[in-house]
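Have a look at the structure below, then the notes.
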Amino acid sequence: MATLVSTIPKVRDALQATFRSGLTRPITWRQHQLYQLARMAQNERELICDALKKDLGKPKTEVLMAEVGSVIERAVKSAEHLPEWAKTEYPKVADWQKSWKPTLYKAPRGTVLIISPWNYPMILTFQPLIGAIAAGCTAVLKPSELVPTFSQLLEEIVPKYLDPNMCRVVNGAVPETSKLLELQWDHIFYTGNGRVARIIATAAAKHLTPLTLELGGKSPVIIDSAYDIDLAAKRILWGKCNNAGQICVAPDYVLVQRDKQDELVKALQKHYNAFFPEGALDSPSFGSIVSDLHHKRLTSLLSRTKGKVVLQGRADAARRRLEPTIVMDVADGDSLLEEELFGPILPIVPVDSFKQAIDFVNARPHPLVLYAFSDNESVKQQLVSETQSGGIVFNDTFQQLAVNELPFAGVGESGYGNQVMKHTYDTFTQLRSSIDMPKEAEPYLAIRYPPHSEEAVKALTAAVYTRIPPSRL
Amino acid sequence: MSSMKYTPKQHITEIHSRLSKTFREGRTLPLEYRRKQLLQVARLVQENVDAVMASLKADLGRHPFEATLPELGPMVSSALHAVQNLDEWNSPEKPQVEAWRSGWDTTIFKAPKGTVVNISPWNFPWVLTILPLIGAIAAGCTCLIKPSEHAQASAALMAKLIPQYLDPDAYAVCLGAVEETTHVLSLKWDHIFYTGSVSVGRIVAEAAAKQLTPVTLELGGQSPVFVDGDSTNIEIAAKRILWGKQQNAGQVCVAPNHVFVQEQHQSALVEGGPLDSSSEMARVVNARHYERNKSLLFRTKGKVVLGGQAGQDLRIEPAIVTGVTLDDPLMEEEIFGPILPIIPVANVDAAISHIQSGQKTNVWITFHVSMHVDQLCSKVVQRTQSGQLIINETFGQVAVYEMPFGGQGQSGYGSYLGKYSFDTFTHQRGYINVPADARTEGFMQGRYPPYSAPALEFFSQALKTKIPDA
């Protein structure tokens with residue numbers, strides 16, 4: 001199943017040759033590939049759902065809603081917008097520069113590498129690819145070995161729909177990925193964790209390759225006591241249960257006023273029962289943990305917590321099932337606050353003031369998203385000004401991913417660069433500036449040539465003495 | 001030249017802590033604060049013109065003209081340009097969204113990345129330090145400046161003036177060489193802006209990789225020029241190319257490195273260039289580079305047809321070398337000096353394939369093309385890659401703020417000038433605010449488990465999108 005390591009450089013070279021040949025330049029060509037990608041997702045959706053059910057126990061609804069549907073929609077919309085995005089721009093400049101015809105070409109970066117993770121493998125592989133195709137690049141897809149059925153499926157269906165001169169799938173694990181990282185790419189798009197991101201960034205540094213890193217972290221939820229706790233509980237629990245909590249933007253832990261903790265716990269229990277009347281263990285509406293390693297990791301974290309388990313999730317290691325587990329009275333230093341949970345465990349950290357909640361968040365690495373439930377405008381304003389995060393979402397969880405117009409990105413430890421629709425297109429596009437100096441400009445340019453006269457210096461020194469408006473510090 | 005006092009490493013760490021603390025406290029967030037600091041940058045230049053010019057003369061032998069046109073003037077205009085656009089650049093964007101989510105107040109905030117560092121080079125020491133700083137200030141970041149130790153007079157003057165004009169808790173200068181720069185790179189920054197060589201660029205990127213720090217690399221390369229003798233005014237082409245080459249004695253990242261021209265037009269191009277012996281050209285920055293340039297002239301297998309005299313005080317006459325081939329010593333790396341190799345080719349296709357095949361020249365900041373015919377232009381646009389593409393000119397493009405200045409491939413990544421400087425130091429923070437009303441909640445009911453068939457049907461709408469037949 002793994003791609004032969006020795007063939008990997010040849011794959012890259014072939015894609016580079018395609019790029020240089022100009023095959024991917026015409027807009028109609030790119031649009032056709034995008035429509036083909038949409039067709040692939042639409043026609044092969046049963047196979048895709050089956051593969052993800054096998055690898056991750058993912059409910060069909062979740063796959064169709066969060067993964068397949070968005071790939072189709074965004075591929076088609078990107079094709080529709082492409083002529084607009086790819087249009088050469090003519091920036092407005094000062095009069096004296098107008099005759100130079102300042103121009104911004106949208107140039108494809110070239111041959112790119114997209115490395116995707118196991119948790120939302122369909123959308124996180126193809127969303128970046130949509131931008132790469134739209135931009136006119138050629139690409140290698142390296143899906144995760146932790147979803148072997150899915151990755152193998154890609155090897156079969158991708159060449160049926162997309163031109164193999166433009167896009168190839170490379171499968172494997174560490175040796176194959178290392179080989180890919182030895183080669184030069186014009187951009188590397190990586191979605192995953194901070195540890196591997198450092199390895200990729202270090203490899204990219206040798207070739208001066210630009211990167212997009214879509215990482216994770218612990219996305220906190222702050223609950224304003226004045227907000228409807230019942231509704232907050234429902235929306236938070238929903239975010240946590242999607243893909244059994246294995247998502248970069250899962251609400252990781254909750255900060256709530258101490259005197260509201262019991263109310264929150266009751267509400268969470270109520271909604272849990274509504275979501276899973278017979279419990280989540282055997283529910284087709286709840287996913288599995290991706291691997292034995294991760295299952296063990298999660299149960300081990302739970303065993304070490306000093307908090308109070310109020311909703312005890314049942315575990316079945318053989319089937320890698322772990323029911324949502326809610327833990328209250330979690331304090332700083334607890335096992336559940338050590339690393340990104342990436343699982344169906346919800347720690348509740350009681351605080352005694354809003355300021356304490358902000359300080360708690362700011363003492364930690366910048367998260368991918370900050371969630372807050374509040375209707376108070378000054379509370380919201382304070383959170384926008386006093387915290388840093390990739391995104392900031394009020395009064396819901398997870399739903400921001402549906403917004404095509406928002407750049408999806410991290411900051412600090414949660415990564416850099418962004419994606420979704422035009423932002424992905426921009427990621428794989430280089431703005432190539434250009435001017436075309438007319439012959440007729442020569443008389444005006446005369447003063448710049450040596451030997452430099454007094455007059456020339458005087459004329460140009462005028463710019464230095466532009467009037468500066470008054471101000472005081 | 002007196003040796004510069006380097007900033008002790010412990011002190012560098014203290015500066016970093018101070019700048020980080022200032023940022024966290026929110027001091028640089030109010031636009032009024034940033035506006036005042038930007039005006040101070042403009043004043044710093046305007047009130048110290050003579051001193052800045054003297055420092056450039058000491059470091060690089062610069063004529064006042066070459067200090068003003070590329071450095072002094074742009075520093076003042078960029079600062080004022082940032083002041084004028086500060087409100088617009090910082091205002092949150094409200095993108096248009098589909099009707100069903102129009103109640104979510106979708107917003108993109110412009111959030112400062114945090115505490116950043118600008119490591120600048122010796123060749124245009126003032127403008128390449130100050131222009132990124134302007135972007136950082138406008139974005140609301142705090143910033144450390146690390147100017148090059150090879151332009152000592154400029155660095156020393158910066159270290160003196162910046163604390164006098166700007167808030168020392170938010171913007172600081174540290175001086176040093178390899179050891180101090182390595183120490184700077186070991187600290188955690190929210191963005192590293194580096195202008196300089198490819199080899200150090202790799203070191204910067206590797207250090208940044210350990211901390212997952214985003215980087216802008218403004219590097220070098222060998223900017224090729226193609227002169228289409230068939231369709232252009234050779235005299236004007238020669239004049240403009242030579243002008244670009246002799247700026248700062250060719251020590252500019254966007255200097256025309258070498259020229260491809262059709263075989264039959266080679267001599268016309270050479271004759272066209274006016275070389276005035278009384279011109280006050282800048283000197284080569286130091287002895288090491290002076291020897292390097294002299295050695296290139298000695299080793300070249302081409303014919304030195306004009307200039308090339310190595311003089312006193314690290315000056316070398318601009319030299320034109322004809323009949324150069326791609327394997328000549330002059331083509332090994334970026335010349336960064338006053339030598340102009342001319343490579344005769346059959347036609348533009350030959351030039352393009354030379355450029356495409358050369359690993360080093362493949363991607364670079366400017367590809368100057370002296371031609372008028374549109375077809376030829378589009379061939380160049382489509383089949384070559386470079387940071388910028390300049391037609392019928394050299395060097396003039398850096399005056400256009402509305403275009404991003406940045407590299408591609410080996411010439412780096414990221415860009416700046418005008419709004420692009422602001423964007424470099426800004427994180428676009430997405431925001432939504434989902435209403436709590438019953439109508440919204442009712443609309444979203446189907447997303448909660450247990451997943452039902454009707455819910456599946458509803459959310460499968462996107463699956464049924466009609467794909468155009470194309």
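The values are calculated or read from the model by the stated rules, or taken from the named source; none is laboratory data. Keep in mind the model is a prediction, meaning the values are calculated, not measured. Neighbour counts are summed over all protein chains in view; Cβ atoms, including those assigned to glycine, are modelled from backbone coordinates with ideal geometry. The accessibility values were calculated without ligands, DNA or RNA, using every heavy atom of the protein model including side chains. Shrake-Rupley method; radii C 1.70, N 1.55, O 1.52, S 1.80 Å.
Here are the numbers:
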{"quantity": "Charge sum, other residues only, whose C-beta stays under 13 Å from residue A:350's C-beta, Lys/Arg counted +1 and Asp/Glu -1", "calculated": "-4"}
{"quantity": "Alpha carbon convex hull of the protein assembly as shown, volume per residue in cubic angstrom", "calculated": "157"}
{"quantity": "Chain A - accessible surface per residue (Å², probe 1.4 Å)", "calculated": "36"}
{"quantity": "With Cα atoms, 0 to 90° folded angle of helix A:292-304 axis to chain A main axis", "calculated": "60"}
{"quantity": "Whole-angstrom Cα spans of region A:283-338 along principal axes, big to small", "calculated": "33, 21, 13"}
{"quantity": "Part-to-part distance (alpha-carbon centres) for region A:159-233 and region A:244-319, which is given in Å", "calculated": "26"}
{"quantity": "³J(HN,Hα), Karplus 6.51/-1.76/1.60, whole Hz, each residue of region B:327-344, x for Gly, Pro", "calculated": "9, 5, x, 5, 9, 5, 8, 4, 6, 6, x, x, 10, 10, x, 10, 10, x"}
{"quantity": "5 angstrom amide H check on residue B:389, placed H, neighbours 5+ away", "calculated": "A:433, A:434, A:435, B:367"}
{"quantity": "Signed unit charges on C-beta, dipole axis of the protein assembly as shown, positive-most listed residue B:409, A:373, B:450", "calculated": "B:450"}
{"quantity": "Peptide B:71-79, shielding by other chains (average Cβ, 10 Å cutoff)", "calculated": "3"}
{"quantity": "Listed residues B:336, B:459, B:380: farthest to the positive end of the dipole of chain B (Cβ charges)", "calculated": "B:459"}
{"quantity": "5 Å binning of all Cα-Cα separations within region B:64-181, expressed as whole percents from 0 upward", "calculated": "2, 10, 17, 19, 17, 11, 7, 5, 4, 3, 3, 1, 0"}
{"quantity": "Kirkwood hydrodynamic radius (C-alpha pairs) into Stokes-Einstein, region A:368-465, 25 °C and 0.890 mPa s, D in µm²/s", "calculated": "132"}
{"quantity": "Region A:446-462 versus region B:141-195: alpha-carbon centroid distance in Å", "calculated": "32"}
{"quantity": "Exposure rank, largest accessible area first [B:122, B:89; 1.4 Å]", "calculated": "B:122, B:89"}
{"quantity": "Separation between Cα centres of region B:310-340 and region A:107-137, rounded to whole Å", "calculated": "43"}
{"quantity": "Violating pairs (Cα-Cα greater than 31 angstrom) within the set B:110/B:210; A:270/B:466; A:60/B:466; A:101/B:303; A:58/A:106; A:98/B:239", "calculated": "A:270/B:466; A:101/B:303; A:58/A:106"}
{"quantity": "DSSP bridge pairs, region A:314-473: antiparallel proportion in percent, nearest 5", "calculated": "35"}
{"quantity": "Residue-averaged [θ]222 nm for chain A, counting only DSSP H segments that reach four residues, each worth -39500 (n - 2.57)", "calculated": "-12500 deg cm²/dmol"}
{"quantity": "19 Å tail of the calculated P(r), region A:252-365, as % of Cα pairs", "calculated": "48"}
{"quantity": "Overall form of chain B per C-alpha gyration tensor (a/c, 1.5; a/b vs b/c)", "calculated": "oblate"}
{"quantity": "Distance histogram for chain A (every C-alpha pair counted, 20 angstrom bins, percent rounded to whole numbers)", "calculated": "22, 47, 24, 6, 0"}
{"quantity": "Full-stretch length increase - residue B:85, residue B:326 - with 0.36 nm per residue and alpha-carbon distance subtracted", "calculated": "82.2 nm"}
{"quantity": "Kirkwood estimate for region A:251-313, i.e. one over the average of 1/r between Cα atoms, Å", "calculated": "13.9"}
{"quantity": "Net charge of Cβ neighbours under 13 Å - reference residue A:279; Lys, Arg +1; Asp, Glu -1", "calculated": "-2"}
{"quantity": "Per-pair calculated FRET efficiency, R0 = 56 Å: residue B:286 and residue B:17 via Cβ, rounded to 0.05", "calculated": "0.95"}
{"quantity": "Nearest-10 value in Å² for the accessible area of residue B:4, using the 1.4 Å probe", "calculated": "30"}
{"quantity": "Extreme residue, positive dipole direction of chain A, given options A:3, A:217, A:315 (C-beta unit charges)", "calculated": "A:3"}
{"quantity": "Mean projected area (nm²) of the alpha-carbon convex hull when region A:304-409 is viewed from all directions", "calculated": "8.5"}
{"quantity": "C-alpha long axis of helix A:8-21 to longest principal axis of chain A, angle in °", "calculated": "40"}
{"quantity": "log₁₀ of I(q)/I(0) at q = 0.14, 0.15, 0.16, 0.17 Å⁻¹ - region A:22-175, Debye sum with one point per alpha carbon", "calculated": "-0.68, -0.76, -0.84, -0.93"}
{"quantity": "Test item: Cα-centred dipole of region B:31-98, Lys/Arg +1 and Asp/Glu -1 on Cβ, debye", "calculated": "200"}
{"quantity": "For peptides B:429-435, A:55-61, sequence by mean Cβ density within 10 Å, most packed first", "calculated": "A:55-61, B:429-435"}
{"quantity": "Other protein chain Cβ atoms within 10 Å, averaged over every residue that makes up A:226-234", "calculated": "1"}
{"quantity": "Chain A: relative contact order as a whole-number percent, Cα under 8 Å and 6+ apart", "calculated": "18"}
{"quantity": "Lys, Arg +1 and Asp, Glu -1 on Cβ, resulting dipole of chain A about Cα centre, debye, nearest 20", "calculated": "980"}
{"quantity": "Degrees, to the nearest 10: A:121-135 long Cα axis against longest axis of chain A", "calculated": "10"}
{"quantity": "Partner chain coverage, peptide B:204-216 - average Cβ within 10 angstrom", "calculated": "6"}
{"quantity": "Accessible surface buried once A binds B (1.4 Å probe; total of both sides; Å²)", "calculated": "10200"}
{"quantity": "Positive minus negative residues near residue B:106 (Lys, Arg vs Asp, Glu; Cβ under 11 Å)", "calculated": "-2"}
{"quantity": "Mean residue ellipticity (222 nm) of chain B, computed from DSSP H runs ≥ 4 via -39,500 (n - 2.57), nearest 500", "calculated": "-12000 deg cm²/dmol"}
{"quantity": "Size of charge dipole - region B:196-331 - debye, nearest 20, with Cβ of Lys, Arg +1 and Asp, Glu -1, no other charges", "calculated": "520"}
{"quantity": "Kirkwood hydrodynamic radius (C-alpha pairs) into Stokes-Einstein, region A:142-289, 4 °C and 1.567 mPa s, D in µm²/s", "calculated": "69"}
{"quantity": "Antiparallel DSSP beta bridges within the protein assembly as shown, as percent of all bridges there, nearest 5", "calculated": "30"}
{"quantity": "Nearest-0.05 FRET efficiency for residue A:386 and residue B:310, computed from C-beta distance (R0 60 Å)", "calculated": "0.50"}
{"quantity": "Share of carbon and sulfur in the accessible heavy-atom surface of chain B [1.4 Å probe, %]", "calculated": "55"}
